[in-house]
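Input: a single structure, listed below in structure tokens.
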């Protein structure tokens with residue numbers, strides 16, 4: 001943590017630094033009550049000091065204009081405007097101004113709340129921010145904008161440098177918006193000396209003020225701006241928090257301004273494909289970054305409400321757990337492939353290993369897995385891995401941070417592998433050789449794929465035949481499917497093999513055959529997952545959506561639902577497309593009652609509209625509905641400081657609790 005006050009972070013182009021720096025005020029007492037303790041920064045317009053109120057013993061930050069700047073009326077007017085803005089907003093998420101005055105040499109000074117914490121710029125510099133944390137910070141910025149815009153004040157220079165994060169009431173990310181130096185302020189509203197509603201316009205049409213990286217298109221063009229320019233800047237900040245970089249990057253300010261005006265922001269998937277970012281959150285960011293102000297949210301309150309709706313869902317969705325599940329799924333698919341591809345040469349070499357039968361069988365199964373891990377490790381982007389390690393390392397307790405990130409990671413991974421292998425080995429040694437051998441049989445390891453009960457029938461291939469066909473490739477599986485035309489397993493394995501070989505279009509061909517042969521496979525979780533995965537690949541996206549929308553019936557709607565709302569981070573484009581598809585009448589006609597009530601509940605924005613759906617949800621809802629209903633028990637999370645009740649209408653009766661209980665009872669068997 002560093003002690004950082006609100007700073008004059010922008011050197012305005014029309015002002016030049018003085019040839020001779022003015023003397024420091026450190027040690028002096030100004031205005032009879034502020035003792036200057038330290039100089040925190042100096043620029044062309046003035047200096048920023050840390051000071052203490054001599055009577056109240058309260059630490060403050062003081063901005064002091066250089067004496068020569070007082071000869072420039074526009075500079076003084078801007079300084080006064082900043083004082084008025086910061087003094088009148090009076091919001092917990094805005095650094096307040098408490099005093100304004102003039103020194104003996106004519107210099108103006110502004111006393112501000114001293115902000116002790118870290119800037120949002122420093123936080124972003126350590127890598128992408130967790131979505132729930134990014135929304136929490138953005139919600140507070142939006143709350144500050146609601147207050148400022150309500151007073152007619154437009155910041156016009158929102159950026160991470162002008163947002164500080166402090167610790168307050170247990171919240172380590174309490175946001176403070178700073179620096180209203182170039183804000184658009186209705187001075188006549190606050191200055192009682194002025195009459196007739198007149199106010200001098202300091203920013204002339206055609207002049208560009210602000211920071212190019214965060215400027216709205218209309219601001220970059222020198223046009224008149226309103227509160228929606230701040231919403232665009234908030235969109236840039238939120239984008240940067242989520243993926244660790246801004247949507248538009250250039251060392252040339254003119255080029256950068258041109259990009260703000262003409263270029264569409266890249267999708268999260270294109271710049272950070274490995275991150276798990278909910279599609280609803282990306283949709284909000286893209287709405288904030290619309291080129292036309294009229295296409296953005298109408299005001300800061302609408303943005304705040306959208307963020308308030310998202311925050312509870314992000315808290316319970318555990319993005320890190322989702323990422324872990326996705327990782328496990330990928331490893332499982334790779335391991336299954338390698339286990340099925342065991343060659344005769346590998347088996348022959350393993351027969352020569354010393355040791356008991358159980359250990360030899362154990363190695364036979366583990367060795368291909370370890371080989372696959374080694375192959376994957378060679379493809380790791382070392383720079384990305386190092387950045388991620390540093391990000392995680394920075395969140396550890398101080399005692400652990402003394403260990404270098406790579407050393408700590410290697411230690412954890414090594415210990416985990418040692419424990420896993422030791423456990424498997426002890427298990428095998430504690431069992432009779434025959435029992436251990438049975439536990440390592442392909443039919444046990446690959447039980448979801450190969451069923452011994454099915455193979456016992458004369459018209460079904462045996463486990464060995466299936467394994468041999470997978471090892472030989474697609475042609476062998478096709479031959480097996482022709483030999484046993486009523487058995488769906490060879491075709492299912494064919495689809496899986498094509499997915500592993502990164503040929504999703506051929507996998508979809510196999511799955512279409514599978515659905516005709518055995519309609520029950522429409523509900524198979526592996527098949528559904530692979531169809532959804534094919535929808536995230538550019539070469540097979542259209543084909544996969546055609547199958548989901550036209551050929552899978554209500555199960556296709558279920559897959560679309562998972563793709564739209566439960567499979568975050570795979571493909572923002574596919575997520576958005578699935579969400580659009582679910583809104584069409586053709587798809588809704590195919591949806592089950594459970595899917596329809598889940599969709600309607602998501603579409604209902606207000607508390608009253610959700611409450612009206614509870615009766616339907618009680619009778620028709622499933623786990624998808626439960627996910628949406630459980631957060632409605634919370635009586636905080638909205639409004640000022642998040643202490644208001646988001647779902648007050650839910651507490652008028654016991655209907656919500658009764659509905660959740662009824663769905664839990666109905667879906668208990670499914671969960672087990």
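So, restricting to strands (runs of 3 or more DSSP E) that lie completely within segment 77-168, which ones have at least 2 residues that are buried (at least 23 other Cβ atoms within 10 Å of the Cβ), within 27 Å of the chain's Cα centre (by Cα) and in contact (Cβ under 8 Å) with a residue 40 or more places away in the chain?
163-168
Quick check on residue 657: is it modelled with pLDDT of 85 or more, crowded, with 18+ Cβ neighbours inside 10 Å and part of a helix (DSSP H, G or I)? Let's see the steps before the verdict.
Numbers: modelled with pLDDT of 85 or more: yes; crowded, with 18+ Cβ neighbours inside 10 Å: no; part of a helix (DSSP H, G or I): yes.
Considered against the rule, which asks whether it is modelled with pLDDT of 85 or more, crowded, with 18+ Cβ neighbours inside 10 Å and part of a helix (DSSP H, G or I), residue 657 comes out as no.
Residue-by-condition table, conditions (1) under 16 Å from residue 111 (Cβ atoms); (2) at pLDDT 75 or above; (3) outside the structural domain of residue 213 (by TED's automatic domain parsing); (4) assigned to a loop (DSSP other than H, G, I, E, B):
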| residue | (1), (2), (3), (4) |
| --- | --- |
| 6 | yes, no, yes, yes |
| 19 | no, no, yes, yes |
| 36 | yes, yes, yes, no |
| 39 | yes, yes, yes, no |
| 44 | no, no, yes, yes |
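Take the residues in segment 256-270 that are surrounded by 14 or more Cβ atoms within 10 Å (Cβ to Cβ) and in a helix (DSSP H, G or I), then tell me which one is nearest to the chain's Cα centre (by Cα).
This residue is 268.
Tell me, which helices (runs of 4 or more DSSP H) wholly within segment 536-601 include 3 or more residues that are assigned by TED's automatic domain parsing to the domain that holds residue 512, modelled with pLDDT under 90 and in contact with a helix residue (DSSP H, G or I) (Cβ under 7 Å, 6 or more places away or on another chain)?
Values: elements: 541-550, 553-565, 572-581, 585-590.
In segment 536-601, the matching helices (runs of 4 or more DSSP H) lie at 553-565, 572-581.
Condition first: under 19 Å from residue 133 (Cβ atoms) and at pLDDT 90 or above. Can you find one or more residues in segment 322-330 that meet it? I'd like the intermediate steps shown before the answer.
Quick first cut of segment 322-330, residues under 19 Å from residue 133 (Cβ atoms) only: 322-324.
Among the residues that remain, those that are also at pLDDT 90 or above are: none.
No, because not a single residue in segment 322-330 is under 19 Å from residue 133 (Cβ atoms) and at pLDDT 90 or above.
Could you list all residues from segment 54-67 that are buried (at least 17 other Cβ atoms within 10 Å of the Cβ) and not in a strand (DSSP E or B)?
Of everything in segment 54-67, just one residue is buried (at least 17 other Cβ atoms within 10 Å of the Cβ) and not in a strand (DSSP E or B), namely 66.
Looking for whichever is exposed (fewer than 13 other Cβ atoms within 10 Å of the Cβ) and farther than 15 Å from residue 101 by Cα here; the options are 32, 43, 27. Which one fits?
27
Working only within segment 496-514, note down all residues that are touching a residue at least 40 places away in the same chain (Cβ under 8 Å) and under 10 Å from residue 543 (Cβ atoms).
504
Restricting attention to segment 481-504, which residues are surrounded by fewer than 21 Cβ atoms within 10 Å (Cβ to Cβ) and under 38 Å from the mean Cα position of the chain (by Cα)?
Answer for segment 481-504, where residues must be surrounded by fewer than 21 Cβ atoms within 10 Å (Cβ to Cβ) and under 38 Å from the mean Cα position of the chain (by Cα): 500, 501, 502, 503.
Only one of these conditions is not met by residue 560: (1) buried (at least 19 other Cβ atoms within 10 Å of the Cβ); (2) over 30 Å from residue 242 (Cβ atoms); (3) without any contact (Cβ under 8 Å) to a residue 40 or more places away in the chain. Which number is it?
Here residue 560 clears every test but (2).
Tell me which of these residue 229 doesn't satisfy, since it passes every other one: (1) farther than 18 Å from residue 145 by Cα; (2) at pLDDT 80 or above.
Condition (1) is where residue 229 drops out.
The values are calculated or read from the model by the stated rules, or taken from the named source; none is laboratory data. Computed from a predicted structure; not experimentally measured. Ideal geometry is used to build each Cβ from the backbone, glycine not excepted, and the neighbour counts take in all protein chains shown.
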